């Protein structure tokens, strides 16, 4: 039994010894993915497009609501007219039918407004998700390219959080941070107007 234990200990030592050189060869870098994502010119462009689309939908919604409120006032007028005792019974019945038709139309308009709101949220959320996924793919590709050219085997995201919302990396003294290099490469293709915006934001910090 003792011989078996000694044998296992020797095997464990050998495994550790062979593993150490591999660990020593690891070259690790860090990147602030949140900073890269927010600072990428395509993110700013996409956010501006999302805002513009949201503003258009908001304007359209306000128009629908304004028409609905106007319709409610018209319904109240028709209802009061239908209760006018000065009118004949036949006329009051005609007005009552007109008021009922208007109320039915208002209910349909209310449903249409609710459907428009749901569809607008779905459209914006889907557009935002596609934008985020596409940009992250570009960012990841750039990080991979720089990591390979720099000989890095691991790249940690310093902005990442654990499930309980605490940072994954609490401290690093590693000077190999790729954040600025990734941003520089991604923004190299920025249009002239986006470059000016980036320079302005840098100078204001």
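The values are calculated or read from the model by the stated rules, or taken from the named source; none is laboratory data. This is a predicted model, so every value here is computed, not measured. With ideal geometry, Cβ positions are generated from the backbone for all residues, glycine too; neighbour counts draw on all protein chains shown.
For the range 138-167, a residue qualifies if it is assigned to a helix (DSSP H, G or I) and surrounded by 10 or more Cβ atoms within 10 Å (Cβ to Cβ), and the qualifying residues are 138, 139, 140, 141, 142, 143, 144, 145, 146, 147, 148, 150. Scanning the range 147-195 for residues that are modelled with pLDDT of 80 or more and at positive phi yields one hit, 151. Taking helices (runs of 4 or more DSSP H) as the structural unit, those lying wholly within the range 1-109 and holding at least 1 residues that are loosely packed, with under 10 Cβ neighbours inside 10 Å, under 39 Å from the mean Cα position of the chain (by Cα) and modelled with pLDDT under 95 correspond to 2-24.
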